[in-house]
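Pasting a structure below so you can have a look.
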Amino acid sequence: MTLNRRTFLKGAGVGTAGCALSGILPGTLAAYETQPLNGLGSFTHSVCEMCSTRCPITARVVDGKNLSILGNRNAKSFGGAVCARGGAGHSQLYDPQRLVKPLKRVGERGEGKWQEIEWDEAYQYIATKMQAIKEQHGPESVAFSSKSGSLANHLFHLAKSFGSPNTFTHATTCPVAYKVAAKAMFGGSLKRDLSNSKYVINFGHNLYEGINMSETRGLMKAQTEGGCKLVVFEPRFSIVADKADEWHAIKPGTDVTVALSLCHVLINDGLYDKAFVERYVSGFEEFAAQVASYTPEWAETISDVSAKDIRRIAHELAAAAPHALVDFGHRTTFTTEEFDMRRAIYAVNILIGNLECKGGLYMAKKAKTYNKFAGEHATPSLAKASVKSMPEIQAQRIDAVDKQFSMLWSAGGIYQSILDATLESKPYPIRGWVISRSNPMQTMTDRAKVVEAMQRMELVVCCDIYVSETAAYADIILPESTYLERDEEFVDKSGKQPAYYVRQKVVETIGDTKPSWLIWKELAQAMDLGQYFPWDSIETLRMLQTKNDPQMYKAIINDGYVSYGTPLLLRDTKAVAKFRARHPQALAADADGSYASQIKFKTPSGKIELYSDKVEQMAPGRGMIQYREVTLKKADELFFIQGKVAVHTNGASHAVPMLHRLMPENSVWIHPLTAGLLNIKSGDRIRLYNDTGLEESVAQVTPGIRPDTVFTYMGFGSKNKEMAKFHGKGVHCGNLLPHVTSPVVGMNLHTTGVKLLKL
Ligand SMILES: Nc1nc2c(c(=O)[nH]1)N[C@H]1C(S)=C(S)[C@@H](COP(=O)(O)OP(=O)(O)OC[C@H]3O[C@@H](n4cnc5c(=O)[nH]c(N)nc54)[C@H](O)[C@@H]3O)O[C@H]1N2
Ligand SMILES: Nc1nc2c(c(=O)[nH]1)N[C@H]1C(S)=C(S)[C@@H](COP(=O)(O)OP(=O)(O)OC[C@H]3O[C@@H](n4cnc5c(=O)[nH]c(N)nc54)[C@H](O)[C@@H]3O)O[C@H]1N2
Ligand code: SF4
Ligand SMILES: [Mo]
C-alpha cells in the first residue's frame, strides 16, 4: 500500500465512533501502513520546526518519502548542519501517534474521549461557540495564542477580524526580558557576533544544549578556531560550563550582582571605552554613581563568585574589547528582576564599546538600512500583505492594566495574564481560548491554575500536531500538517546582511491535516469573516510579498535561503571597506574608515540610555539599573532550576520515536552533600514538593551542581494519558512553579524552591 494522501483519507474515514483510551487513539497515524524505501531521491530546501529556532534545512526525499534532513548549505553560518532534533524530523513526520484528523471531545475536559470529525463540522462547532461568546460578552472575551513566527500572524489576523485585541505569543515564558531591556537602552534589538568574539562571558546561556544552530556553531567556531576564552556563570556544570575555560557555580538568581560589579571595576579601574561612552551614551554619570557601591566584594557575598575572579575577569574582558561580549542569554526567567539583570549585561557591553564591532553586539541590517548605506537598491525587500478596513477594536487588552508593561505588548503580551483574567476577572474574564503551536499546560507555570482556567472556558480550541497536554483539555483539536508537509510565506532572516528564506513542502500531506494559515482562513469563512482573508494560497501571499521583485521570488524558491550583499558592521573598518568596494555609490565613510557617525538609536534621547526617563515614567523608581533583592525560595528549600536538553524540545518532542528512545525521562541533579543528608543515591525515586505542587522522579547524584540547588531538564512528566509513551515520565516543571508576573517585562518565573523526599 502506498503512503499517499488518498489512502490516508480513505483510512481516516473508518472508526469515527467516540472511544476511550485503548491502545490506538482515533485521529492518529497509528493504523496506517508504511512501505520500504529505495532509489536516490530528490532534495527540497525548507525550514526546520523541530524547535522555534527554525534553521534552514535541505530534506532528501525518496519515492515521496522523507529520508533524511541536513542543513541548507546556502546558509553559511549554519554550516550545512542540523541538531539531533532537526535530524529527527522524519521520525516525527511518520510517528504513528501524530494527529491526522480533527478530533472532538466527547467526554469531560481532559477525560481523553475523542471522536474523529470532518473539518467542516469542526469549523461549524467553533464558529457557533465563538459567535455566541461574541454576542454575549464581546469579541475580546476570546483569547488567541501561538508561539511567535510567521503562522502566529495568521491566527492573530483572525483575532483582529473577529474583533479581539487579546493575542499572545509565548514571549513572557521565554525571551522578552532581554528584548524589552534592549528596547529601553538601545531602542531596538541586538544580535551577538559570537563566532568572531575573543572573549565571551556567559550567564546561563545554554548554547550547547539549548541549541540555535547558527549561534551554537558561532560559539564553537570562536572557541575552536578563534582562540576565544569562555567564562561561564552557571549553578550547574552544563555542557557549556564543561566546554568553558572557567566555570563559576553562581548562586541562582544572583547574576545581576556579578554583572553590576563588572561595571564597577570597568569604571573604577578606568578600563571602559571613554570615547564610545562620550559619543553614544547618556546617563553615564548617574550610572557610575549607582555602581560605585556594587563592588566585587559586595557581589561575592551574594553570588558566591570570588571578588578576585570578578576583578580579573573585568580586566581580561577589557583587554579583549571590543572583540568581546557578555551574552545576554535567551530564556530570561531566572528571577523577577530580569529587566535589570539584562540591562546590567548590556551595560557591561556598552562600557567595553563592542557595538557594531567584530565579535561584539550589532543591529540587524535589513534591506531598508542596507540600501540606505549602499546608496542604491542593492537588496529587494519583502512587502506586507495587509488588508484594508479591518474592524476597529474598542476593548482594552487583558494585560493592559498597568502602564509599566507598555514596552512589551507589541512583543507578544503577558501570556499568563489569561489566568488572571479567567480566574479573577482581572480586568474581565476570558471565555474562549484558541491555541496554536503552544502547550501552556506544560510550558506556562502553575499547571493546576492552567487546568482550572481551561475548565472555566466555554470554548477551548487547540491546533497541534499531537494531543499535547493542552490539546488534551480542548473541545476541538485541529491537526496541523507538520512542517515537512506545508508551504509557508517568505521570512526575513537578515543579520549582518539582508537574507530571506522559505519553508517548502517536502512530502505530500499525510492524512486529513492542513497548514494553519488555511485553517484560520477557513474558520474565518465559517464566521462570515472571509473578506479579511482575500488570499487563496501561499503562492499568492508569496507573490504579494515579492511583488516588487519577481527575481527575488525565484531566488528564494530555488535556493531556500538567499542572502544579499556583504556583511556590514558599522564600526568595523574592514567590513565597511569591503561594503564600499561592492557598492560604488555607498555613503562616504568617516575619517577613520568606519560608519560610526551613522549609528542611530530609536530612544527618546537618540543615545544609548543607561538611565531611562521613559522607563521612569512607565515604572516609577526603575529608570536607573539597580540591584533589588529577590526571594526565590524559603530558607529550608533548595533552589529548583531547569534547562533544555540537546535531544528534546520543551514539551514537544517526547513522542518523536527517535528522540524518545534517546531520552524517555528526566532525572533530578542533586549534589552529593545534599543527597547524603537525605540518604538519597543515584537511581533512587524521589519526591519534589513545595506549596505549588508535587512531582516524582529519579535522583542523579552529581558534584556538577551547587549543594543548595537541584536541576532537571524541562518538558517531561506530561499528564495527558493520550500520549501513553511519555505519560507521567519524569518531573513536570510547570507543576512546581508558582504563577508569577515580573515587573516591567511581565515574565513568568522558572526558579523556585523545593524540598526533597526519598521514596
Ligand atoms: N518550567 C519551565 N517552563 C518553561 C521553560 C523552562 O525552561 N522551564 N522554558 C520556556 C521557554 S524558553 C519556551 S520557548 C516555552 C515553550 O513553550 P511552548 O511553545 O508552549 O512549547 P513547545 O513544547 O515548544 O511547543 C508547543 C506545541 O507546539 C506543537 N507543535 C510542534 N510543531 C507544530 C506545528 O508544526 N504546528 C502546530 N500547530 N503545533 C506544533 C507541539 O506539539 C507542542 O505541543 O516554554 C517555557 N516554559
Ligand atoms: N535542544 C534544545 N534546544 C533548544 C530548545 C529546546 O527545547 N531544546 N529550545 C529553544 C528555546 S525555545 C530557547 S528559549 C533556547 C533556550 O536557550 P537557553 O536560555 O540558553 O537555555 P535553557 O537551557 O533554558 O537555560 C538556561 C541555563 O540557565 C541555567 N540557569 C538556571 N538558573 C540560572 C541562574 O540563576 N543563573 C545562571 N547563570 N544560570 C541559570 C540552567 O541551568 C540552564 O543551563 O533554546 C532553544 N533551543
Ligand atoms: S536548532 Fe535543531 S531543532 Fe531547532 S530549528 Fe535548528 S535544526 Fe531544527
Ligand atoms: Mo524559548
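The values are calculated or read from the model by the stated rules, or taken from the named source; none is laboratory data. Note that the structure is a prediction, hence the values are computed from the model and not measured. Cβ atoms come from the backbone with ideal geometry, glycine included; neighbour counts cover every protein chain shown.
Between residues in the range 519-533 that are farther than 17 Å from S146 by Cβ and residues that are crowded, with 18+ Cβ neighbours inside 10 Å and polar (S, T, N, Q), which pairs lie under 7 Å by C-beta distance while being six or more apart or on different chains?
Going by the 7 Å Cβ cut-off, the qualifying pairs are L529/S161; Y532/S161.
Against the definition (among the aliphatic types (A, V, I, L, M) and either modelled with pLDDT under 85 or loosely packed, with under 14 Cβ neighbours inside 10 Å (or both)), how does A31 come out, yes or no?
yes
Would you mind stating whether K368 is without any contact (Cβ under 8 Å) to a residue 60 or more places away in the chain and assigned to a helix (DSSP H, G or I)?
Taking the combined requirement at face value, the residue satisfies it.
Conditions tested, residue by residue: (1) within 16 Å of ligand 2 (Cβ to nearest atom); (2) surrounded by fewer than 17 Cβ atoms within 10 Å (Cβ to Cβ).
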| site | (1), (2) |
| --- | --- |
| Q585 | no, yes |
| D590 | no, yes |
| Q617 | no, yes |
| G623 | no, no |
| K634 | no, yes |
| L659 | yes, no |
| N666 | yes, no |
| G676 | no, yes |
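Same structure again: For the range 532-567, what are the residues that are crowded, with 21+ Cβ neighbours inside 10 Å and among the polar types (S, T, N, Q)?
Hits for the range 532-567 are Q545, T546, S563.
Oh, and also: Based on what the data block shows, is V502 more than 9 Å from ligand 1 (Cβ to nearest atom), buried (at least 24 other Cβ atoms within 10 Å of the Cβ) and among the hydrophobic types (A, V, I, L, M, F, W, C)?
yes
Sort out which residues of the range 728-740 are more than 9 Å from ligand 1 (Cβ to nearest atom) and surrounded by 24 or more Cβ atoms within 10 Å (Cβ to Cβ), and write them in order of number.
G730, V731
Let me ask another. With β-branched (V, I, T) and within 22 Å of K574 (Cβ to Cβ) as the only criterion, which of I345, I352 stands out?
Just one listed residue meets the conditions, I352.
Could you check the range 299-339 and list, in sequence order, the residues that are charged (D, E, K, R) and closer than 30 Å to P738 by Cα?
Selection gives E300, D304, D327, R331, E337, E338.
Could you go through the range 714-727 and let me know if any residue there is hydrophobic (A, V, I, L, M, F, W, C) and surrounded by fewer than 18 Cβ atoms within 10 Å (Cβ to Cβ).
yes
Please specify each residue of the range 467-489 satisfying the condition of being within 16 Å of ligand 3 (Cβ to nearest atom) and of a type in the set (F, W, Y).
Within the range 467-489, Y483 is the sole residue that qualifies.
Follow-up question, since we're still on this one. Looking at the structure I just gave you, is T257 part of a helix (DSSP H, G or I), assigned by TED's automatic domain parsing to the domain that holds G227 and free of Cβ contacts under 8 Å to residues at least 40 places away in the same chain?
Numbers: part of a helix (DSSP H, G or I): yes; assigned by TED's automatic domain parsing to the domain that holds G227: yes; free of Cβ contacts under 8 Å to residues at least 40 places away in the same chain: no.
No.
List the residue pairs whose Cβ atoms are under 9 Å apart, where the first residue sits in the range 704-731 and is without any contact (Cβ under 8 Å) to a residue 60 or more places away in the chain, the second is of a type in the set (S, T, N, Q) and surrounded by fewer than 24 Cβ atoms within 10 Å (Cβ to Cβ), and the two are 6 or more positions apart or on different chains.
P707/T674; G717/S697; G717/N735; H727/N720
Being more than 9 Å from ligand 2 (Cβ to nearest atom) and within 30 Å of W520 (Cα to Cα) is true for just one of K229, K160. Which residue is that?
Going through K229, K160 in turn, the sole match is K160.
Mind listing whichever residues of the range 501-533 are farther than 20 Å from R54 by Cα, in a helix (DSSP H, G or I) and small (G, A, S)?
A524, A526, G530
Y123 - would you say it is surrounded by fewer than 20 Cβ atoms within 10 Å (Cβ to Cβ) and aromatic (F, W, Y)?
In short, no.
Another question, then. Would you call S293 surrounded by fewer than 17 Cβ atoms within 10 Å (Cβ to Cβ), within 16 Å of ligand 2 (Cβ to nearest atom) and not assigned by TED's automatic domain parsing to the domain that holds V647?
Here the answer is no, as S293 does not meet what is asked.
Looking at the range 322-336 only, could you name the residues that are surrounded by fewer than 24 Cβ atoms within 10 Å (Cβ to Cβ) and away from ligand 1 (no atom under 16 Å from the Cβ)?
P322, H323
Let me ask something else about it. Kindly check whether there is at least one residue in the range 251-271 that is under 28 Å from T649 (Cα atoms) and touching a strand residue (DSSP E or B) at 6+ places or on another chain (Cβ under 7 Å).
Yes, because at least one residue in the range 251-271 is under 28 Å from T649 (Cα atoms) and touching a strand residue (DSSP E or B) at 6+ places or on another chain (Cβ under 7 Å).
Only one of Y428, Y483, Y473 is within 16 Å of ligand 2 (Cβ to nearest atom), at pLDDT 95 or above and either touching a Gly at 6+ places or on another chain (Cβ under 9 Å) or closer than 30 Å to S214 by Cβ (or both); which?
Only one candidate passes the filter, namely Y483.
Moving on. Within 30 Å of Q497 (Cβ to Cβ), assigned to a loop (DSSP other than H, G, I, E, B) and touching a residue at least 24 places away in the same chain (Cβ under 8 Å): is that true of A383 in this structure?
Against the criterion (within 30 Å of Q497 (Cβ to Cβ), assigned to a loop (DSSP other than H, G, I, E, B) and touching a residue at least 24 places away in the same chain (Cβ under 8 Å)), A383 qualifies.
So which residues in the range 41-63 are touching a residue at least 40 places away in the same chain (Cβ under 8 Å) and at positive phi?
R54
From L93, L103, L151, L99, grab the single residue that is within 16 Å of ligand 3 (Cβ to nearest atom), crowded, with 23+ Cβ neighbours inside 10 Å and modelled with pLDDT of 95 or more.
Only one candidate passes the filter, namely L93.
Kindly indicate which of E338, E316, E286 is in contact with a Ser or Thr (Cβ under 8 Å, 6 or more places away or on another chain), assigned by TED's automatic domain parsing to the domain that holds V256 and not aromatic (F, W, Y).
E338
Here is a yes/no grid of residues against (1) within 16 Å of ligand 1 (Cβ to nearest atom); (2) part of a strand (DSSP E or B); (3) more than 20 Å from the chain's Cα centre (by Cα):
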residue: G621; (1), (2), (3): no, no, yes
residue: Y627; (1), (2), (3): no, no, yes
residue: K634; (1), (2), (3): no, no, yes
residue: Q642; (1), (2), (3): yes, yes, no
residue: G651; (1), (2), (3): yes, no, no
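State the number of residues belonging to the range 121-156 that are farther than 25 Å from S425 by Cα, touching a residue at least 40 places away in the same chain (Cβ under 8 Å) and over 18 Å from the mean Cα position of the chain (by Cα).
The qualifying residues number 5.
Just for helices (runs of 4 or more DSSP H) wholly inside the range 96-195: which have at least 1 residues that are over 23 Å from W409 (Cβ atoms)? Talk me through it step by step, then tell me what you get.
Working: elements: 119-137, 150-162, 176-186.
Passing ranges, in order: 119-137.
With closer than 30 Å to G753 by Cα, in a helix (DSSP H, G or I), within 16 Å of ligand 2 (Cβ to nearest atom) and touching a strand residue (DSSP E or B) at 6+ places or on another chain (Cβ under 8 Å) as the only criterion, which of I345, I313 stands out?
The match here is I345.
When you check G218 against the structure, is it at positive phi and either surrounded by fewer than 24 Cβ atoms within 10 Å (Cβ to Cβ) or away from ligand 4 (no atom under 16 Å from the Cβ) (or both), yes or no? Step through it out loud before you land on a result.
Values: at positive phi: no; either surrounded by fewer than 24 Cβ atoms within 10 Å (Cβ to Cβ) or away from ligand 4 (no atom under 16 Å from the Cβ) (or both): yes.
Considered against the rule, which asks whether it is at positive phi and either surrounded by fewer than 24 Cβ atoms within 10 Å (Cβ to Cβ) or away from ligand 4 (no atom under 16 Å from the Cβ) (or both), G218 comes out as no.
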